Amino acid sequence: MESGVVDQVAALGAKIIDNVDRVIVGKRSVAELVLVALLCESHILVEDVPGVGKTTLARAVARSIAASFHRIQFTPDLLPSDISGISYFNQKLGEFQFRAGPIFANILLADEINRATPRTQSALLEAMEERQVTVEGETMPLPRPFLVMATENPIELEGTFPLPEAQLDRFLLRLRIGYPDEADEIEMLERFRRASPLDELPPVATVAELIQAAAACRDVHVDPDLRRYITNIGRATRNSDAVDLGASPRAILGLFRASQALAALRGRDFVLPDDVKEICLPVLVHRLILSPEARLRGRDARQIIEDVVAATEVPVEQIS
């Protein structure tokens, strides 16, 4: 990759992150990870308590790139057709027509996704993996980029349906926004004193620019030894006694792509081991199923991934 191209990706990312930072105070690292998912043309699961800015984050990113945005409030009575759309008979025209559902957007916020039934949750599977929707035998492509940002509330579990492993594996990253620190919370009060800055947030990039940046990220160099390092981390999770189900090949590919995107956003046309280490936790943490013994001992997926990364030999040759 030419250095000028990666500089353009880094500059584009900095503009978008700066713009989002006007609304979401003190969460630049979270905005950067959302950009990583967009550049990888993949999806995000946000698991956090209410009121920390999950919806605001999704709207701010969409406005920053002038992308279409739809929000779906998932409930037990939500039907698959409420997401994908329906075909109906237009009596005036005397023919069937398709009414597109909210899934036809660049950024789709699936709010409290675990409150919908498994049948409705499964309506997202084809869209998330193949970026298309099939309704009554007709397949329709979704716009690019296409990002599902799904949210879960880790506190209220009554009346929820856990996401199946097949769907969890389609999320590139799992994030937590977290509470702001004291200084950021005081700054938030000042910014929102008169009105929400989201209402006047201007676009600073276009969808076309983002698609070009995503294509450029695929050319970021990953040394063969570093590819082996990424693979070894994923395979080590499968061999861990504390894990019943480890990282899938899709997860390893996701770690590879996310490392490329993170390196490009940092202004480099090559991946470093530190990029892999930094992105490893949000890529893998939601994909592991722990053994009963590990859960009884109070271990969690985060600890196991940290142990795996610490035990995996890091390439020592200069990456260039």
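The values are calculated or read from the model by the stated rules, or taken from the named source; none is laboratory data. Bear in mind that the values here come from a model prediction, so they are computed numbers and not experimental data. Virtual Cβ from ideal backbone geometry, glycine too; neighbours counted across all protein chains shown.
Before moving on, here are some points about what is shown:
- Considered as a group, the residues in segment 208-224 that are among the small types (G, A, S) and touching a helix residue (DSSP H, G or I) at 6+ places or on another chain (Cβ under 7 Å) include one that is nearest to A11 (Cα to Cα), and that residue is A213.
- Matching entry among A251, A263 (being within 21 Å of the chain's Cα centre (by Cα) and more than 14 Å from I233 (Cα to Cα)): A263
- Any pair with Cβ under 7 angstrom, 6 or more apart, that starts in segment 213-242 at a residue that is free of Cβ contacts under 8 Å to residues at least 40 places away in the same chain and ends at one that is in a loop (DSSP other than H, G, I, E, B): R238/G246; R238/A247
- In the condition set (1) in a helix (DSSP H, G or I); (2) outside the structural domain of L38 (by TED's automatic domain parsing); (3) not basic (K, R), L210 is compliant with all but (2).
- Verdict on G85 being in contact with a Gly (Cβ under 6 Å, 6 or more places away or on another chain) and in the same structural domain as F161 (by TED's automatic domain parsing): yes
- Condition check for F74: surrounded by fewer than 21 Cβ atoms within 10 Å (Cβ to Cβ) and of a type in the set (F, W, Y): no
- Restricted to strands (runs of 3 or more DSSP E) entirely inside segment 91-148, those with at least 3 residues that are surrounded by fewer than 20 Cβ atoms within 10 Å (Cβ to Cβ) are 95-100, 132-135, 138-141.
- Filter pass, A67 being crowded, with 17+ Cβ neighbours inside 10 Å, under 19 Å from R144 (Cβ atoms) and in contact (Cβ under 8 Å) with a residue 60 or more places away in the chain: yes
- Options L210, L290, L281: the member that is buried (at least 17 other Cβ atoms within 10 Å of the Cβ) and either modelled with pLDDT of 95 or more or within 20 Å of S42 (Cβ to Cβ) (or both): L210
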